[in-house]
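Okay, so here's the structure we're looking at.
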Amino acid sequence: MADKNLGLMAHLLRRASFGATLQELEDYQAKGYEATVEELLHPEDAPEWDDDVFRRYQPDLNSVMYFESAQNYWMYKMINSKRPLEEKIALFWHGLFATAYGKLNHAKGVVNQTDTFRRHGLGSFHNILMELSRDPAMIFWLDNKDNHKDAPNENYGRELLELFSMGIGNYTEDDVKNCARAFTGWTIANDEYMSVRASRDSIWPSGRIDWQFEYRPEDHDDTEKSFLGHTGNFNGEDIIDIIATRPATSWFIAGKLYNYFVSDTPNEEAIGFLAEEYRKSNGDIRSMLRALFLSDYFKSEDVWYAKVKSPAELVVGTARLAGSYTTPQWDITNLASDANFMGQEILNPPTVEGWHTGTEWVDTGTLVERVNSSALVIGDALHPGVQAMIQRLKDRQDSYQPGELVDECLLLVGALHVSDGTHERLVEFAANWGEVSFTPEDAVSCSEQQVVELLQVILATREYQMA
Amino acid sequence: MTTTKTFTYSHTIGFLTAVGRGFTNPVDLAINSQGVIYVLNRAGPETTVRLPSKRVSMCTLDEEFLGEFGTGGHGDGEFWWPSSIAIDSQDQVYVADEGLQRVTVFDKEGKFLSKWGEKGSADGQLEYPSSLAFDADDNLWLTDSGNHRVQKFTRDGEFISAWGQRGPGLGQFEGPWGLALTDSGDVYISDWGNDRIQRFSTDGVLIEEFGGLPQGDAIRRPAGLAVDGDGNIYVADWGNERVKVLGPDGSLLASLRGESVDSKWAADYFAVNPEEGRLRSEADLFPELDPPARRDREISAGVEGYFWGPSAVKLDGQGRLYVADSLRHRLQVYQIN
C-alpha cells in the first residue's frame, strides 16, 4: 500500500487534475503538497497545449463545425493539457452553467464558452458572471437575444438567480422580472440571421460563423428597477454587482465547489468555511480552492474516494494514465462516445440544470460501460503509459509474488488505496498465475500480458471508479 | 529583379456539401490539361455518417460541377486522411493518404487504377505523406512528413531517392508539408514545424531558406506552396490564416487575408432559401473583431470571407492563383497581374 503522503498527493491530483501516474506523483511529492497546490492554481504558468499538429492532421478539429469534432477536441485538450486544473474548472463551470449543443446547433459556440471558463474560471465569481452574461452561446441558450426593452424574456434572468448564483428561495418573482429587464439589449450581432441559421441548422454556404456579443443601448430598458432591496436604473453589470455580494451566493458557490472537488455528500461546516472564504476574497475562486485544498476538510481520509468519477474524468484520466491520444488518432471519437454511453455528453448536457452527479453516474448499464472502456484503454500494452508501468516493474525486480504484484500495480495506477476486501480479491486473481517473472526472456511476453490483465481488473475496482 | 505584381480577388468556387456539388474541407486541388479542377475533400471526423464526404470533386473554373469519385474507407479507391492530389502528363490522378500511408491512382474520370505505399520509415515507405508534385520526367515527389524527409518515386511507385532528416538546422525538417518543383529543377519545401520554406537542388542540397521576415510578416506553420516562372513563392500561411507571396529573394510581396463572397452554388442555395438569403444580405459579414486569444484563428472563425485553414495554393499558368480554403469549404481564386 502507498504511504499516506503519497496517498494524499494522489487524492489532490484526482480532484484538481484527472489523476496522475506514479512518476507524476513522485515529481509532485518532490515539490511538496503546498507547492503543488499553488502550481495547480496557476495554470497560466504552464505552457498552453499546442494543438497545431492535431488541427493539421484532423482539420475538422480546427473549425469544430460538427458536434463530434467539438467533443473530440475537448477530449484531446483534457488529455494533453499541462494545465489540468484549468480543464477541471472549465468542466465544473460547464456543468453548472450547462449550455447544450442540442439547442444551439453551433458546436464552436459551446467550445468558445468553455474557453471563457478556462480564461476566467479561477478568477472572481463576479467576473465569471459578467463573462457568462456576454457569452453568445448563453445568450442563445437562454433566449436573451429575445429579451427586448418592450418585450422582456425572463429565461436568462431567472436562471441567473436560480441555477447560476443564489438558488431558489433567495429572491422574488419581481426580482426575476427586474433582473431580466436589466439584461435587455444584451444580444448577439446579426441576431436575426444567426437565429434563422441556428433554427434551420444551416451550415451554408461556408460552415458556421462565430457568434459575437453585441450590446444595443436602444433596446435596453433604462428605467428604474428594484432588485433585492436596491433601486436604480440598473443595467446587467449592476445586477451582477448585487448578486456577487449576497450571502446566498457565497453559500451557493461554496456548496457547488465542495460537491465537485470534495464529496458527493454535503458537509455544512466545510461549506460554511468555503462560503466565508468567498466573502473574505470577494468571491475569488482561486482563493477558495487554495483554502479548500489546504484544509483538513479536503485532506481528511474520510473524503478520499468519496466521489464517483464523472464519465469525462474517468475516460480522460484513464487515457492520461495509459499515455494514449497524445498524437492525432482518428479513433479519438470512440473516447467521447464512451463518455456519452456512460451518461455524460460533454458540450451537450441534458438540461440547464446540468448532469445529475454522484451515484447517479452509475447504473447497471453505465457500470459495464465504465469497466469495459477503462479495460480497453489500459489493456493495450502498446500505449506508452502502459509500457512505462511494465518497465518500472521490470526495473524494480525480476519477479513478483501475487501480493507484491498487486501492491506495485496499485501504486503504478496512481497510488490507489483499496479496501481489504478489494485487495484480497486482487491477490486471489493474481494468484492464478503464481509468481510473475520477467526472466528468462521467453517469459516476458506472458508476464507482460498478466500485468496488463491485472491492471484491467484494478481499473474495474470500486476504488478506481471513484475519485 | 523583383517584379511588381497585383493580386485581385476574382471569385469563389464552392459550397459546403457532404456529397454532391460542393466540398467538405478541401485540402488540395489539381488542374489537368483540359482545365478540369480536381478538389480533394479531407472531411472528418471518421464516423460512418461522415465518411462519404471524403471524395474528389471535379469542376471547372466557372463552377460547372462535373462529378465526384471516391469515398471514405480502407478499400481500393477509398480515402481515410487524403492529403494531396497531383496529375501526371497523361492526366492520371494521384491522391496521397496520410491515414492509409499510400498513394492511389485514378484515371481522369475517377476510375481506380492502382495503389502503392506502406507504413514505415525505410526507403520507399511512408509516414503521413502530405504533399505530391510531378516533375517534368513524370516522377512523383512527396513530402513524407512523419519521416521528416522528401521522397521521389516513379509514377508507378518505384522508389528512386530520399533525403532529409528531422531537426531545426539548415536542410532539416519538422513535419514538412508543401512541396513545389520548378522547371529549372529546384525543390521548394514548406518546413511546417520550423516556420520556413527551404529551397533545394533535386539531389537535396540546400540552396537557401526563407523564413527571416520581420515580426508580423513572419510565416507560421506553412502548408502548401507554389512557385511561378519568375521564382516568386506562393505559400498557404496556415498558422497565420493568410496566403503570402514572396519574391525570389524572400521579400514579402503580398499578404492576402481572403475576401470571399458567395459562389454561384451559394447563390443557387439562397435563391431557393430566400428568407435566409435576405437576412444574410442585411448582416454584417465583415465585422471588426478583437478576440482575447488565438487572434487570427478566431477572427477567421467570425469573418466568413477570410481564409480559414488555407492548406494549398496552386497556379494555373494563366495568371490565376487558387487557394484551398479548407475550413470554409471553398476555393478562393485570385487574378495575378
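The values are calculated or read from the model by the stated rules, or taken from the named source; none is laboratory data. Bear in mind the structure is a predicted one, so any value in this text is a computation, not a measurement. Neighbour counts run over all protein chains shown; Cβ positions are idealised from the backbone, glycine included. Ligands, DNA and RNA are stripped out before the accessible areas are found, and what is left, the full protein with its side chains, is counted by its heavy atoms. Shrake-Rupley method; radii C 1.70, N 1.55, O 1.52, S 1.80 Å.
At-a-glance table
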| item | result |
| --- | --- |
| Chain B: C-alpha pair distances exceeding 33 Å, % | 22 |
| Net charge of neighbours whose Cβ lies under 12 Å from the Cβ of B:T47, counting Lys and Arg as +1 and Asp and Glu as -1 | -2 |
| For chain B: relative contact order, % (alpha-carbon pairs under 8 angstrom, 6 or more apart) | 16 |
| Whole-Hz couplings from phi, Karplus 6.51/-1.76/1.60, listed for the range A:334-348; x for Gly and Pro | 5, 5, 5, 4, 4, 4, 4, 5, 7, x, 10, 8, 4, 6, 9 |
| Potential lengthening between B:R166 and B:F112 on full extension [0.36 nm per residue; Cα-Cα distance subtracted] | 16.0 nm |
| Mean Cβ count within 10 Å, highest first, over the residues of peptides A:331-339, A:108-116 | A:108-116, A:331-339 |
| Cα shape, the range B:1-66, gyration tensor, a/c 1.5 rule | prolate |
| Violating pairs (Cα-Cα greater than 22 angstrom) within the set A:K145/A:K177; A:K225/A:K280; A:K145/A:K225; A:K77/A:K299 | A:K225/A:K280; A:K77/A:K299 |
| Packing-based order for A:409-416, A:33-40, using average beta carbon neighbours within 10 Å, highest first | A:409-416, A:33-40 |
| Euclidean distance of C-alpha centroids, the range A:393-461 and the range A:224-283, integer Å | 48 |
| Ordering of A:77-85, B:73-81, A:13-21 by packing [mean C-beta count within 10 Å, highest first] | A:13-21, A:77-85, B:73-81 |
| Mean accessible surface per residue for the range A:45-303, computed with a 1.4 Å probe while every protein chain stays in place, in Å² | 33 |
| Contact order relative to length of the range A:384-465, as percent, for alpha carbon pairs under 8 angstrom and 6 or more apart | 37 |
| Table column - 3J(HN,Hα) (Hz), the range B:114-128, Karplus curve with 6.51, -1.76, 1.60, x for Gly and Pro | 6, 8, 8, x, 8, 6, x, 10, 6, 3, x, 8, 10, 9, 6 |
| Among the listed pairs A:K108/B:K244; A:K394/B:K119; A:K82/A:K307; A:K82/A:K103, those beyond 26 Å (Cα-Cα) | A:K108/B:K244; A:K394/B:K119; A:K82/A:K103 |
| Total accessible area lost when B and A pair, probe 1.4 Å, Å² to nearest 100 | 4100 |
| Shielding by partners, peptide A:61-72 (average Cβ within 10 angstrom, other chains) | 4 |
| Net charge, A:M342 excluded, C-beta distance under 14 Å - Lys, Arg +1, Asp, Glu -1 | -4 |
| Volume per residue that the Cα convex hull of chain A spans, once the total is divided by residue count, Å³ | 143 |
| Averaged over B:43-55, number of beta-carbon atoms from partner chains that fall within 10 Å | 4 |
| Length-normalised contact order for the range A:45-303 - Cα pairs under 8 Å, 6+ apart - percent | 16 |
| Charge dipole magnitude, Cβ of K and R +1, D and E -1 - the range A:45-303, Cα centre, debye nearest 20 | 580 |
| Whether the protein assembly as shown is rounded, prolate or oblate, judged on the alpha carbon gyration tensor where a/c under 1.5 counts as rounded | oblate |
| Complex-versus-alone comparison for the range A:203-235, residues with a loss of 20 Å² or more in accessible area, probe 1.4 Å | A:W204, A:P205, A:S206, A:R208, A:I209, A:D210, A:Q212 |
| Estimated translational D of the range A:384-465 in µm²/s (Stokes, Kirkwood radius over Cα pairs; 20 °C; 1.002 mPa s) | 170 |
| Surrounding net charge for B:A30, when Lys and Arg each add one and Asp and Glu each subtract one, Cβ distance under 13 Å | -2 |
| Per-residue mean of C-beta atoms belonging to partner chains within 10 Å, peptide A:328-334 | 3 |
| Listed residues B:D88, B:D191, B:D183, most fluctuating in chain B (Gaussian network, C-alpha, under 10 Å) | B:D183 |
| Neighbour cut-off at most 13 other Cβ (10 Å), DSSP loop, GluC sites (Glu not before Pro), the range B:247-324 | B:E288 |
| Accessible surface, per residue, of the range B:28-115 when the full set of protein chains is kept, probe 1.4 Å, Å² | 33 |
| Modelled FRET efficiency - R0 56 Å, B:R295 with A:D302, Cβ distances, 0.05 increments | 0.70 |
